[in-house]
Structures are given as structure tokens and as C-alpha cells.
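Here it is: the structure, laid out below.
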Amino acid sequence: MTDVAASPAPSAPAAPLPGGPSLPQVRRLATEIPGPRSRAFHERRRAAVAAGVGSGLPIEVVAAGGGVIVDADGNSLIDLGSGIAVVNVGNAAAPVARAVAEQAAAFTHTCFMVTPYEGYVAVCEQLNARTPGDHEKRSALFNSGAEAVENAVKIARHATGRSAIVVMDHAYHGRTNLTMALTAKSMPYKAGFGPFAPDVYRVPMAYPYRWPGGAERAGAEAAAQAIDHIRTEIGAERVAAVLIEPIQGEGGFIVPGEGYLGALVEFCHEHGILFVADEIQTGFGRTGRWFACEHEGIVPDLITTAKGIAGGLPLAAVTGRAEVMDAVHVGGLGGTYGGNPVACAAAIATIELIERDGLVGRAERLGGALRTRLDAMAAADDGIGDVRGRGLMQAIELVRPGTTEPDADRVKAVLAHTHAAGVVTLSAGTYGNVVRFLPPLVIGEDLLQEGLDVVADALAATR
Ligand code: PLZ
């Protein structure tokens, strides 16, 4: 390590690597992980980057594409995380990289609020056409998921003239002040960062694995409790929006119990409450549908998207009923960079690629293969309490054998094992005891299977 650290540019790769799908789709370990260049890079990082910004796997990335990430030491890792459900079309996908380069060469920014351009409108047209429901829609573009959620709340409050917002146990909606209030988990998202925005209320989530009355009753009972709470403690007539992830992401890939979403939608419609689906993690083919609401035939009034929308460029959106979206006065929504032209060009190329290569169907098909493997792991391991999720958004929840007591320590050990073996995995869950799988939708099936072999080894080694 010392000889590497002493060189003038310790983190520069020997030669520029091509990224994108042309990268060899293999797992290859050239050094231990993290290797000497990555370790030197992290010394440099520690001196420059705020400690509050963590990293799960401290390598130095130099290239990525398809289903692999390559580091400065020449290791090629299997990517089962997609940068947290972002590079659904694969990293540096050629049509996306080309669209970005062309747009950057034409113009990089004018601000849509000052002098508008076509890409922004084209992205809104795509969102209006592809999100659930055939009613007339409008969209507005922003930079991050949290910003989209904040704007959905602004729009819902403005359109209804009401202020209360209802969210769920285990919810995750972002790290800004309002979205911290909407997010459930204290550590690490909220601890020490208050006070939080007011008029936000949390109701029970239908978490089948942990529902006291059993998984079958979770949907109906949680919906009844949530509705009772809204009626008696908040007042339905005060509620602007019920905001929910149709499959919870950071909370642990919780698929709501049967009937839960439908009952809430119905209640919302009866009481003039807007039903807002946060599809920031579930959107753009991830779950084997364009949007996760489609699995349950749910049509939200507003929907927030980000992550998978633009192949890795920062872009987010709120899409919804025209009369709701258009209720806001001219100039009431915006932001300097919202709908940046380069990000919009990436989004158009990403959406075309999802369509062209049938990636939604691919997510469903590979999701079936993933479920088969996870079920087999669970059958052989009484520390796997639950297998859940849809498409290429699935997870295992680890518990102490014979109980439902969360086993976050084992999740840490499983992740450490897979990372050392060259497979990028992520954790999740309110109790930190979930291992989640979010491979790019373009990952080769062999590579996915090899990644899962390593996960199976990690489970065996930590039993
Ligand atoms: N809503 C459903 O999943 C982001 C968070 C990573 P931003 N999830 C990843 C982290 O630890 O910060 C997310 C989400 C849902 C909103 C967001 C927020 O999206 O683009 O991170 O702001």
C-alpha cells in the first residue's frame, strides 16, 4: 500500500477503460477487495469528503456497464445493486451515453423556466403516457427523488386546500427536511437533524411477515387501522394526500398485504384525499411492470419517479391528474436545474431502450429465476425468515432461527462476504436485517446466477 500511496496519482487507472456494455461481463478478482489503489483512494477521500457521507463498499470505481463494476485495482465485480435501483438499463448504456454526449454538445443548460426546450416536454409526454391510468395528465421535472416528493406534497396541498399528509410505518421518501418527516427510520436518516416539518402522520403498514394477525390478514387489518387513525385522530377532511411506496424500498422491500393499497385508494377517493404513489425505487421496469402500481391495478392521482428514469443522470418527476397538477399558479413550481436538457436526453434514450430491448419483461423473467434461487436458499436456512419482492426488486429478511428477531449482524457478515468475493450487494430494512437484490435489468442470466452462488456461499459461511 505504501508504494502505491507514494506515487503521484495513486488512484489513476493504468489506462482509460471503456465502460458500458462493451466491458467483459465477468467476475474477476485481481487483488483483495478493496485493493491497494482503492485503499489509497479512501485515504484521500477521508481527508476531503465529509464523514457523514458513507460508502458500503469502499472501492474506487473506474468503469461500469451491463452487470459489472470495475475498480482501480482491475477487479470486476458483479453488480446486484444498480446504484440503488438507478441503472436499470445498465451503466453507461451506449444509447444513453450517445444521447448525453450529443445533447451536451448542443447545449447543457438554459433553465426551462427561462428559455424552454423540447427534451423536457418529450419526457413529460412519455411519463403522462406510460404511468398508470388513461386520464389526462401533466408532469413537472426535478433533480432528485426527495425533491419530487416535496413537490408532490406542495401540489397536493395546493390542489386540495388541505395540509395533513399521511405516510406509512417503514416508509422512505428522502433526506430533505420535509422528506425526513415523511421517512420513518430514525437512524441514520433523521437522528440529530430535527425539528421536522409538521402535519405529517404515520399509520400502520401492511407488513405481511411481521403482522401480528398473520400475513393473510395484514392487508385488511392494516388498512382498517390506518383508516381508523385517519378518521379519528387526523380528520379525513384535513388530509391532502396519502403517500405510499407501492413496494417499500429502504424499509425492506415490503410488498403490502393483499387488499391494503386498494382499500386506501377507495378511502381516499371517498374523502377527496389524493393518493400519491412514490415509485422512485419501483419504477421503470424494476418490478416486472413499468410501474409497481400495475401489479394491483392501482391508479394513483399523483406519482413520483426518479432513479431508473434517466440511466444514472439526476432527474425526477411528479406526474398526475391534469386538474390537480394544473391547480398550481404559474411560477409556483420549478427550480434552476429541474429537467436539465442533458438529463432529459438521457431519459428519452433510457425509455426507448427499455422499450426496444423488452426490459420490463426481462425483469419479470429474471425475477422468476431470482425467486427460485432465493426460495431454495430459504428452504435450506432457518435464518431466512422471509423472501419477498417482485421482478428484479427482491429481498431476504434474516432472523434468529426459530424466531422473528431481526439478525442485522448476519446481514453485515453476508454483505462483507459477498463484497470480498466481488459481488455488490445492499442491505435494507427498518431493522437493518434485509439483504436486497437490485441487479440491472440487462444483467446476463449467467452473471446473475454466479452472483447468487456467491450469496449462497455467504449464507452458508455465516450460518
Ligand atoms: N423515495 C421510494 O427509494 C431513494 C436512498 C439512498 P433521492 N432511495 C435511496 C440514501 O440512503 O440516501 C428514494 C426512494 C423512495 C424517495 C427517495 C429519495 O430519492 O433521489 O435519493 O432524493
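Net charge near residue 371, counting Lys/Arg +1 and Asp/Glu -1 over other residues with Cβ under 14 Å of its Cβ?
+1
Tell me, what is the percent relative contact order of the chain, built from C-alpha pairs under 8 Å that lie six or more residues apart?
21
Using the heavy atoms of the protein chains and a 1.4 angstrom probe, tell me the accessible area per residue for the chain in square angstrom.
40
Further question: Report the FRET efficiency, 1/(1 + (r/R0)^6), for residue 460 and residue 45, where r is their Cβ-Cβ distance and R0 is 25 Å, rounded to 0.05.
0.15
Find how much the distance from residue 445 to residue 105 grows on full extension, using 0.36 nm per residue of separation minus their present alpha carbon separation; answer in nm with one decimal.
Result: 118.8 nm gained on full extension.
Still on this model: On a full-extension model of 0.36 nm per residue, what is the gain between residue 175 and residue 113, subtracting their alpha-carbon distance, rounded to one decimal in nm?
19.8 nm
Which chymotrypsin sites (Phe, Trp or Tyr not before Pro) in segment 71-123 sit in a loop by DSSP (not H, G, I, E or B) and have at most 15 other Cβ atoms within 10 Å of their own Cβ?
107
In straight Cα distance, which lysines are under 22 Å from residue 412, not counting same-chain residues fewer than 8 positions off?
Straight-distance partners of residue 412: 185, 190.
Which value in nm describes the separation of the simple spin-label points at residue 357 and residue 196, placed 7 Å from the Cα toward the beta carbon?
Distance between label points: 3.8 nm.
Another one. Can you give the net charge of the other residues whose Cβ lies under 15 Å from the Cβ of residue 258, counting K and R as +1 and D and E as -1?
-1
Okay, moving on. Residue 270 versus residue 55, label points 7 Å from Cα toward the beta carbon: distance in nm?
Result for the modelled spin labels: 5.2 nm.
Here's a follow-up. If you add up the charges near residue 186, with Lys and Arg at +1 and Asp and Glu at -1, over every other residue whose beta carbon is less than 14 angstrom from its beta carbon, what do you get?
With Lys, Arg at +1 and Asp, Glu at -1, the net is +2.
Could you look at the chain and say what percent of its accessible area is carbon and sulfur, using a 1.4 Å probe and all protein chains?
Carbon-and-sulfur percentage of accessible area, whole number: 55.
Enumerate the helices in the chain for which the Kyte-Doolittle hydropathy averages 0.5 or more and the C-alpha atoms extend at least 15 Å along the helix's axis, using complete DSSP H runs.
Taking the DSSP H segments of the chain (at least 15 Å long, mean hydropathy at least 0.5), we get 94-106, 260-270, 341-356, 445-461.
What is the spin-label model distance, in nm, from residue 382 to residue 412 if the labels are put 7 Å beyond Cα along the C-beta direction?
2.5
Can you give the calculated 222 nm mean residue ellipticity of the chain, where each DSSP H run of n ≥ 4 adds -39,500 (n - 2.57) and the sum is split over every residue, rounded to the nearest 500 deg cm²/dmol?
Only helices count here, giving -11000 deg cm²/dmol.
Only sites in a loop by DSSP and with at most 10 other Cβ atoms within 10 Å count here; which GluC sites (Glu not before Pro) in segment 118-176 make the cut?
Passing both the DSSP loop test and the Cβ count: no residue.
Tell me, in nm to one decimal, what length is gained between residue 94 and residue 403 on full extension, where the rule is 0.36 nm per residue of separation less the Cα-Cα distance?
Result: 106.5 nm gained on full extension.
Can you tell me which lysines have their Cα less than 26 Å from the Cα of residue 137? Leave out same-chain residues fewer than eight positions away.
Correct list for residue 137: 154, 307.
The values are calculated or read from the model by the stated rules, or taken from the named source; none is laboratory data. In this text, all values refer to a predicted model and were calculated from it rather than measured experimentally. Neighbour counts run over all protein chains shown; Cβ positions are idealised from the backbone, glycine included. These accessible areas exclude ligands, DNA and RNA; they are computed on the full protein's heavy atoms, side chains included. Shrake-Rupley method; radii C 1.70, N 1.55, O 1.52, S 1.80 Å.
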